[in-house]
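Before any comments, here is the structure.
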Amino acid sequence: MNANELLKRYADGETKFTETKLNGVNLFGADLIGIDLNKADLRNAILIFTYLSRATLNKANLISTNLSGANLNQANLMSANLHDADLHGASLQGADLRNANLTLADMLDANLMDADLRGADLSGANLTGACLRGANLREEKRGYAAAILRGTNLHKADLRGANLTGADLAKVNLSGANLSEATLRGADLSGANLSDAILYNASMSDTNLGGANLKAANLMNSRLERSNLIDAELTDVNLSGAVMADAKLTRAKMNRANLSFARLIRADLSRANLRGANLTEADLVDAYLARTDLTGANLNKANLIRAEMSTTNMMGADLRDAVMPDGTINY
């Protein structure tokens, strides 16, 4: 079917074009709101600025299709194949992309606010500057696997309030991304680049951040209980008020980190570098500080009851009014 025939039939009131072969078709700027293209073949089609809001495109073949600037708000794209598709600046607000193939897709500055991406494969996709605010990428053991994001570029992406529970974000570029109040429980962020990222009030319990780069990131008031931060880069990070009970921070680089009012109960900080860190009023009850470097750190009013500090380097540290491991107050 060619473009003219499709547009004429649609204008006459026909909306169902299931399994129609439209590969390579040029529908630039066409108004196709609510069209049913279930299982249609749209490979290499030109759909630039096309209106496809509330369209049905589940299981459609959209490989290498140009959808830049297209309006796909509330569209059904379940299990659609968008491999290598161009979605630069496209709007997919509230779209259903469950189990969709978005590998190597270009989604620069795309709007995916409130989109459902459960089970979607975004491996190698470019989501630089994309808006994923409130998007659902979580794992559901009885329903959907977590979204696959390995190798995805999410530089400066807006992920505020996004649900990324159990998501695979290993080695993903999230530098400068906004993840305020996002849910990342149980997610794999090992080796990820989160430098300068905003993770204010984020939920990150049981998250794997081993070897991740969080340099100068803002994790103020975030929850990191039982999280793995072994060998993580946390220089100049803001963890003020963070809840980090039972967190593993072995060999973490935390020089000049702001940990004021942080709750580090039973945290493992062995061999961590905390030179010049701010631990004012931090809760370090039962913390493990074997060979931890606290040179020049500020521990004013910190609680160190039962903390293991026999081999800790405390040279030049400020311990005024701190509660020491034996319960005495240092004056």
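The values are calculated or read from the model by the stated rules, or taken from the named source; none is laboratory data. These numbers were taken from a predicted model, which means no experiment stands behind them. Cβ sites come from the backbone with ideal geometry, for glycine too, and all protein chains shown count toward neighbours. The protein model used for the area step is the full one, side chains on, heavy atoms only, and it has no ligands, DNA or RNA in it. Shrake-Rupley method; radii C 1.70, N 1.55, O 1.52, S 1.80 Å.
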Taking segment 178-194, which residues are small (Gly, Ala, Ser) and touching an Asp or Glu at 6+ places or on another chain (Cβ under 8 Å)?
Gly186, Ala187
When the residues of segment 208-241 are narrowed to those that are among the basic types (Lys, Arg) and assigned to a loop (DSSP other than H, G, I, E, B), which ends up surrounded by the most Cβ atoms within 10 Å (Cβ to Cβ)?
Lys215
Can you work out which of the residues in segment 133-145 that are modelled with pLDDT of 75 or more and either farther than 22 Å from Asp109 by Cβ or among the polar types (S, T, N, Q) (or both) is least open to solvent (accessible area, probe 1.4 Å)?
Asn136
Matching option when the condition is in contact (Cβ under 8 Å) with a residue 12 or more places away in the chain, over 19 Å from Tyr144 (Cβ atoms), out of contact with any Gly (no Cβ under 9 Å at 6 or more places or on another chain) and not basic (Lys, Arg), among Asp109, Asp86, Asp121, Asp96:
Asp86
Could you list, in sequence order, all residues of segment 69-79 that are surrounded by 21 or more Cβ atoms within 10 Å (Cβ to Cβ) and under 14 Å from Met107 (Cβ atoms)?
Ala70, Leu72, Leu77
If you go through segment 304-316 one residue at a time, do you hit one that is over 28 Å from Asn193 (Cα atoms), in a loop (DSSP other than H, G, I, E, B) and among the acidic types (Asp, Glu)?
no
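Would you check if there is a residue in segment 45-54 being more than 24 Å from Leu127 (Cβ to Cβ) and of a type in the set (D, E, K, R)?
Step one: list which residues in segment 45-54 are more than 24 Å from Leu127 (Cβ to Cβ), which gives none.
No.
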